[in-house]
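Have a look at the structure below, then the notes.
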Amino acid sequence: MNIVVMILLIGGCVIAQGTLPQLAIFGYSPVPAVQALVLYYALVRKPWMLLVVALGGGILVDALSVGVQIGVSTFCFAIAGVLATQFRHLVFSDSIVTAAVFGAIAAMVINVVIYIMLLNEGLTQISIAAAGLKMVGVGVLAGVISPLVFLIARALDRMVGNIEYQEEFDGENQPI
């Protein structure tokens with residue numbers, strides 16, 4: 001069921017990212033739903049699953065993006081996910097705050113890296129000020145959408161039995 005849930009979540013996040021409106025106040029940034037899903041898999045699930053989501057989601061996002069070469073988002077998602085796994089034992093992965101903070105930071109860094117890569121290839125014409133607005137906008141959007149993606153993905157995983165809800169009590173995991 002892991003793969004089935006993963007495919008459904010990737011498809012849902014790609015559709016959400018491609019169809020939700022891009023507002024001027026956020027620098028016309030797309031909602032970073034796939035990036036939030038990558039972070040969910042980085043903080044909650046196994047590392048190989050993170051890389052599958054980064055590869056599949058990144059290729060689909062790049063295919064639907066205008067002016068972005070295939071593989072750019074995949075590379076950025078994979079690096080962000082691998083870096084996030086380094087902190088998975090230091091944070092509460094069930095926390096909405098963790099999802100919001102990790103989502104906002106990762107989205108801003110990914111946006112900067114993609115901007116630099118596109119600028120280096122001569123594929124973008126936007127100014128540094130517009131890129132800064134886009135970076136802040138995508139950070140705010142990620143801070144809002146990441147907890148929602150985490151909640152939906154966790155609920156779906158629990159519903160099909162991929163993960164069990166546990167609570168730590170006196171240093172031991174207790175099933176509830």
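Some points to look at:
- Within the shell defined by Cβ-Cβ distances under 15 Å, the residues around GLN35 carry a net charge of 0, with Lys and Arg each +1 and Asp and Glu each -1.
- Hypothetical label at VAL66: residues of segment 5-23 whose amide nitrogen lies under 16 Å (7 Å Cα-Cβ projection): 18-23
- Packing-based ranking, highest mean first, of 92-102, 113-123, 41-51 given that Cβ atoms within 10 Å are counted: 41-51, 92-102, 113-123
- Toward the positive end of the charge dipole of the chain, with +1 on the Cβ of Lys and Arg and -1 on the Cβ of Asp and Glu, the farthest Cα among ALA16, ALA129, LEU156 is that of ALA129.
- Cα long-axis angle, helix 96-121 against the chain (0 to 90 degrees, to the nearest 10): 30 degrees
- Residue by residue, segment 63-69 carries 3J(HN,Hα) couplings of 5, 8, 8, 8, x, 10, 6 Hz when phi is fed to the Karplus relation 6.51 cos²θ - 1.76 cosθ + 1.60 (θ = phi - 60°); x denotes Gly or Pro.
- Across segment 127-139, computed HN-Hα scalar couplings (Karplus, 6.51 cos²θ - 1.76 cosθ + 1.60, θ = phi - 60°) run 7, 5, 5, 5, 5, x, 4, 5, 5, 5, x, 5, x Hz from first to last residue, x flagging Gly and Pro.
- Reported label for calculated Rg and Dmax of the Cα atoms in Å given (1) 18.3, 58; (2) 23.3, 86; (3) 16.3, 56: (3)
- Between the beta carbons of VAL4 and ILE126, assuming R0 = 30 Å, the FRET efficiency works out to 0.15 to the nearest 0.05.
- Separation of the PHE87 and ILE163 label points, Cα + 7 Å toward Cβ, nm: 1.6 nm
- Exposure proxy ranking for SER146, SER65, based on other Cβ atoms within 10 angstrom of each Cβ and starting from the fewest, stands as SER65, SER146.
Computed from the coordinates by the stated procedures, all read-outs in this text should not be read as laboratory data. All values reported here derive from a predicted model rather than from experimental measurement. Don't worry about glycine lacking a Cβ; one is built from the backbone with ideal geometry, like all the others, and counts go over all protein chains shown.
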